[in-house]
Amino acid sequence: MRISTAERTMNYVVLGVFALFAMIPILTILATAVSPQNGQAPGLHLANFVEAWQVGGFGHSLGNSLVVAAIVVTSAVALSVLAGYAFGTMRFPGSTLLFYVFLLGLMIPTEATVIPLFFDLRTVGLTDTYAAIALPQIAQSVAFGTFWLRAQFRSMPVSLLEAAAIDGAGPMRTLLRIVAPASVPALTTLVVLVFMWTWNEFLVALVMAPGGTLRTAPLGLANFQGQYTAELSLLSAGAVIVALPMVIMFLFLQRHFIRGMLEGAVK
C-alpha cells in the first residue's frame, strides 16, 4: 500500500512532536548539570560532574550497583531461559498450574514482601550482603523472564525441535544450539529490562543493606541529594552519572532490544 507524501510528512511531524516531548526532561537535566552553581560565573561548567563524583562518592555506589546487576542479570536470565524453555516446549503434569504460580511474582508488589524478607534474611545472617540485595530481585525478574521467554519459545516451529530430536540432540543441546541462538533479540530485551530494573531498584537495597556499606547508585544519589538540596546543578550532574550506565548499555544493545520488542508485540 502506497503512502502519500502528505501522510508521510504528517507521520514524521507527529513522531517529531512526541520525540521532542520525551527529550525535553532529558535536555533540561543535562543543561542544569552544566549550569553554574550559586555564586559562579555564567558559562559551561563541566567540572560539576567531577565535583559530584568526588563529593557524592559515586564510584563506590556505582561499583556496588554493577556487582548487584551482574549477579541479578546472569542468574535471572539463566533461570528464565531454563524455565521458559520447559514451559514453552515441554508438556508435563501440573505445568499450567506451576506457570501460574510463576506469574504470581508479577502480581505481588515488592512493598508487600520486603519486610518479611528482611527478617528472614536477617535470621540466616544475610543482611548487609550482596546476596540480600540480589536474591529478591532475582525472584522478581525470573517471574517476568519466564513469562517472556515462554511466549518466545512457544512461537518457534515445532518441526525445528522435532528435527533436532531426530538428529539425536537432547533437550539441553537443542536449547543451546538451536533455540537460544534463534532467540537472541528476546534474550537481549530481557537482559536490558532486568538490568534497568535492577539498576533503578531503591527499596530492596535500602531495606536489605541498612548498614550503608553496600549503598547502590540510587541510594547514593538520595544521600547526595540530602547534602546538596539547594545545588540543582550538582544534583543534576549526579543524576546524569547514575543514569549513564543504563544509557550506554541501551545504545550498545538497542538494535536487538527494539527487534525483540517488536517481535514480542507481533506475537
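Using only Cα coordinates, the Kirkwood hydrodynamic radius of segment 77-179 works out to 15.5 Å. Normalised radius of gyration (Cα atoms, divided by 2.2 N^0.38 Å) for segment 148-204: 1.47. At each listed q (0.12, 0.15 Å⁻¹), what is the log10 of I(q)/I(0) that the Debye formula gives for segment 98-158 modelled as equal alpha-carbon point scatterers? Debye output, listed in q order: -0.39, -0.55.
All other residues whose Cβ lies under 14 angstrom from that of Ala86 are scored, Lys and Arg at +1 and Asp and Glu at -1, for a net of +3. What is the angle, in °, between the Cα long axis of helix 217-227 and the longest principal axis of the Cα atoms in the chain? Nearest 10 is fine, range 0 to 90. For 217-227 against the chain, the angle is about 20 degrees. The stretch between Leu232 and Ala139 holds 29.8 nm of extra length on full extension. This uses 0.36 nm per residue minus the Cα-Cα distance. Among Ile115, Val191, Gly56, pick out the residue whose Cα is farthest towards the positive end of the charge dipole of the chain, where Lys and Arg carry +1 and Asp and Glu carry -1 on C-beta, about the Cα centre. Highest projection toward the positive end goes to Val191.
Using R0 = 45 Å, the C-beta based FRET efficiency linking Phe92 and Thr28 works out to 0.25. Once the Cα-Cα distance is subtracted from the 0.36 nm per residue extended length, the Ala182 to Ala41 segment shows a gain of 45.1 nm.
Within the shell defined by Cβ-Cβ distances under 14 Å, the residues around Ser35 carry a net charge of -2, with Lys and Arg each +1 and Asp and Glu each -1.
Label point of Thr129 set 7 angstrom out along Cα-Cβ; within segment 188-231, amide nitrogens under 19 Å from it belong to 204-216.
Where does helix 232-266 land angle-wise versus the long Cα axis of the chain, in degrees 0 to 90, nearest 10? The helix 232-266 is inclined about 20 degrees to the chain. Summing +1 for each Lys or Arg and -1 for each Asp or Glu among the other residues whose beta-carbon sits under 13 angstrom from that of Ile133 gives -1.
Translational diffusion coefficient of segment 24-107 (Stokes-Einstein, Kirkwood radius from Cα pairs, 25 °C, 0.890 mPa s): 140 µm²/s. Magnitude of the charge dipole for the chain, about its Cα centre and with charges confined to Cβ atoms of Lys, Arg (+1) and Asp, Glu (-1), is about 760 debye. Looking at the chain, the accessible area is 58 square angstrom per residue; that uses a 1.4 Å probe and ignores ligands, DNA and RNA. Using only Cα atoms and rounding to the nearest 10 degrees, what angle (0 to 90) does helix 58-89 make with the longest principal axis of the chain? Computed tilt is about 20 degrees. Principal axis extents of the C-alpha atoms in the chain (largest first, rounded to whole Å): 75, 67, 30. Between Thr9 and Ala78, the simple spin-label model (points 7 angstrom out along Cα→Cβ) gives 5.7 nm.
Solvent-accessible area assigned to carbon and sulfur over segment 74-181 amounts to 69 percent, based on a 1.4 Å probe.
The values are calculated or read from the model by the stated rules, or taken from the named source; none is laboratory data. Since the structure is predicted, the reported quantities are computational estimates derived from the model, not experimental observations. For neighbour counting, all protein chains shown are included, and Cβ atoms are generated from backbone atoms with ideal geometry for every residue, glycine included. Each accessible area value is taken on the protein alone, full model and side chains, heavy atoms only, with ligands, DNA and RNA left out. Shrake-Rupley method; radii C 1.70, N 1.55, O 1.52, S 1.80 Å.
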